[in-house]
Amino acid sequence: MTPQVLVLIAGVLLAAPAFAQADLVAAPAGLTLQVTTDPSSIMCRRIETLDPASSAFLPLHRTFHDGFDTHPLSTGRWVPHYAGGAAWPEARYWGGDGSDFKRKTSANGEQQIYVDPRYGGRSTTPLGLDPFKVRNGVLSIVARRTPAELKPVLFNNEYISGILTTQGTFSQKYGYFELRSKIPVGIGVWPAFWLLADDGGWPPEVDVMEGRGQRPGDLVMTTHWRIPTGRIESCGFDFALPDAATEFHDYGVLWMQDRIIYYIDRKPVSDIKVPIGFNDPMYMIVNLAMGSKDFGGVGFVDGQSPATVAFEIDRISVYQIDAVPTGEKDVR
């Protein structure tokens, strides 16, 4: 989600579901993933066919889970804004001039502001705006055009939307991070599930899934890192999933000591040797941005952008690695 990076996108892979679709699928307490075992000198690649001789099975156990049976802000797992440093006063998260700094990424050219019921914009009085809707175990992060009367108090942003992060509540070094969702579409629509270092530095960044709203069925998975000269490097791949907007799919990343592997429906689709700088635990971010000046296939919002759009999320789960990969598949 960070535009200062020049993302290197290397081709498009048509990915088919690894199992039959179901609207809602529970996250098991234990999970086994197929992993690549080729030499870690292989830097970054798309996986079109995984050779069984170059793979193994890795057992994991669940360490975090939210099936969104209740409002996400009622559990203590999530906060509805980017976290600040130690000097950032708690009250600034909830309103006043400058409070939008933690509720959008201006460098991206975003045209939304992230709100929640406690947020007051330029005022210090809560506006009661709630972008998070829960129904039948599905969370919808809803973006909608800012009411005209609220534009001045909401820093003249075109849309109000929502973000959830676990900075300060949950982070983990290594393991598997997974989102099960539908990917919304439309001009200016930019849904994402991504990881950042818990120490507040950037990069590293792992973009588990970003949707290109103007290109239905197109999603991208990308790794970002900084080399010793200070330059930002990136490597990622686009994947075509024609029913991504209408059916739930699993989008995940496995972070191991020597490699990062991306998954769609728990099938490996790309991997990369772990770059330098991936030393600290990472926390999760899930959000629905509107508008981008640099991220291809999103664009700025215009008159054809949806008045209301929802990013539907069935669940978010995290697993930790049990042991080294084995040659035997462990089905749980």
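Summary of values
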{"quantity": "Looking only at the stretch 96-153, and only at residues there that are assigned to a loop (DSSP other than H, G, I, E, B) and of a type in the set (V, I, T), the one that is nearest to the chain's Cα centre (by Cα)", "calculated": "T105"}
{"quantity": "Near pairs, Cβ below 9 angstrom, 6+ apart or cross-chain, from the stretch 285-309 (of a type in the set (D, E)) to any residue that is open to solvent by 30 Å² or more (accessible area, probe 1.4 Å)", "calculated": "D294/Q4; D294/L6; D294/V7; D294/A107; D302/I187"}
{"quantity": "The stretch 242-266 residues that are under 18 Å from G186 (Cα atoms) and of a type in the set (V, I, T), paired with ones that are open to solvent by 10 Å² or more (accessible area, probe 1.4 Å) and not in a strand (DSSP E or B) (beta carbon under 9 Å, 6 or more apart)", "calculated": "T246/K182"}
{"quantity": "Complete set of residues in the stretch 114-136 that are touching a Lys or Arg at 6+ places or on another chain (Cβ under 6 Å) and either crowded, with 24+ Cβ neighbours inside 10 Å or of a type in the set (S, T, N, Q) (or both)", "calculated": "Y114"}
{"quantity": "Only listed residue being farther than 29 Å from P117 by Cα and of a type outside the set (A, V, I, L, M), chosen from T223, T246", "calculated": "T223"}
{"quantity": "Those residues of the stretch 63-83 which are more than 27 Å from G121 (Cβ to Cβ) and not in a strand (DSSP E or B), in sequence order", "calculated": "G67, D69"}
{"quantity": "The stretch 214-230, subset in contact with a strand residue (DSSP E or B) (Cβ under 8 Å, 6 or more places away or on another chain) and among the charged types (D, E, K, R), residue surrounded by the most Cβ atoms within 10 Å (Cβ to Cβ)", "calculated": "D218"}
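Here is a yes/no grid of residues against (1) at pLDDT below 90; (2) surrounded by 16 or more Cβ atoms within 10 Å (Cβ to Cβ); (3) within 19 Å of G175 (Cα to Cα):
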residue	(1), (2), (3)
M1	yes, yes, no
L13	yes, yes, no
L33	no, yes, yes
R62	no, yes, yes
D66	no, yes, yes
W78	no, yes, no
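The values are calculated or read from the model by the stated rules, or taken from the named source; none is laboratory data. All figures in this text were calculated on a predicted structure; none of them were measured in a lab. Here the Cβ is made from the backbone with ideal geometry for all residues, glycine too, and neighbour counts use every protein chain on show. Surface accessibility is based on the protein's heavy atoms, side chains included, excluding ligands, DNA and RNA. Shrake-Rupley method; radii C 1.70, N 1.55, O 1.52, S 1.80 Å.
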